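Below is one structure; the comments refer to it alone.
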Amino acid sequence: MNFFRKLKLIDKIIIIGTLTGFIFIIGFVWSIKRTNRDYYLPAHFEGWVTVVHDVPSAPPLKVKEGALQVEVPENGIVYTSTSLEQGWGRNQFFRKSDTGWTQLPNKAEVNGEVATYMHRHEFYHFAHYELLDTLAVGVDTIMFDGARLIKYAEDDRVYNPGRKTIETFYFTQNPKVVTFNPPTNSHDLSDKPYREEYNR
């Protein structure tokens, strides 16, 4: 404390400013942390995984040791009432084997390049545009993800997107270099209307 009192005013300002900035950075980084996720994939699975969050009638994701448990079926599409969290956090991948579940490494090396099983991890809104064609004039509709649709007249419509609820990524059977370009998503829901088959 005596050391601090002996410092010049400019030195005190620098020290206090540095400490304040450090505390702010730590607080910001912590504020964008999400819950860790464990993904469980079928044996020999390769393809797109789509997790549709915030679906009211779907079951919530289980939690084990502080991590969300995402059990991916053969078709790669998961419906859950658990909300989508974005931010930094740990992802772990497990693949079904004859002896149970085998944890896969997050990174590997292929021909001297960094490789991974997950590619094109993206988050986006569920689209409801086509529903506007089916709404009656004057109907104000709030969707499960908070999207708002209003049709005042055939040529006067309002569409406010809701929360980001869709998580997608391409999973490969063996690690591919990070520059790997996966095929087109065969079950892309970003431009599909909301229907009952998504509400299960």
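So which GluC sites (Glu not before Pro) in segment 47-107 are both in a DSSP loop and have at most 13 other Cβ atoms within 10 Å of their Cβ? Don't skip to the end; give the middle numbers.
On the way: sites: GLU65, GLU71, GLU74, GLU85; in loops: GLU65, GLU74, GLU85.
When the GluC sites (Glu not before Pro) of segment 47-107 are filtered for loop state and at most 13 Cβ neighbours within 10 Å, GLU65, GLU74 remain.
Quick one: net charge around ILE150, please, counting Lys, Arg +1 and Asp, Glu -1 for every other residue with C-beta under 10 Å from its C-beta. List each step's numbers first, then the result.
On the way: positive: ARG148, LYS151, ARG157; negative: ASP140, ASP156.
So the environment of ILE150 carries a net charge of +1.
Please find the FRET efficiency linking GLN173 to TYR124, where r is the Cβ-Cβ separation and R0 is fixed at 25 Å, and quote it to the nearest 0.05. Before the final figure, lay out each step's value.
Values: r = 25 Å, r/R0 = 1.01.
Once rounded, the FRET efficiency stands at 0.50.
If you average the sequence gap of Cα pairs under 8 Å that are 6 or more apart and divide by the length of segment 51-168, what percent do you get for the contact order? If you can, show how the numbers build up before the last one.
Values: 183 pairs, mean separation 28.3, N = 118.
Reported as a whole number, the value is 24 percent.
Taking 27 Å as the cut-off for C-alpha to C-alpha distance, list the pairs among LYS62/LYS164; LYS33/LYS64; LYS33/LYS151; LYS33/LYS62 that go past it. Could the numbers behind the result be given before it?
On the way: LYS62/LYS164 20 Å; LYS33/LYS64 17 Å; LYS33/LYS151 38 Å; LYS33/LYS62 19 Å.
LYS33/LYS151, as the Cα separations exceed 27 Å there.
The numbers here are math on the coordinates, done by the rules we state, and not lab data. Just so it is clear, the model here is predicted, and its values are computed rather than measured. For neighbour counting, all protein chains shown are included, and Cβ atoms are generated from backbone atoms with ideal geometry for every residue, glycine included.
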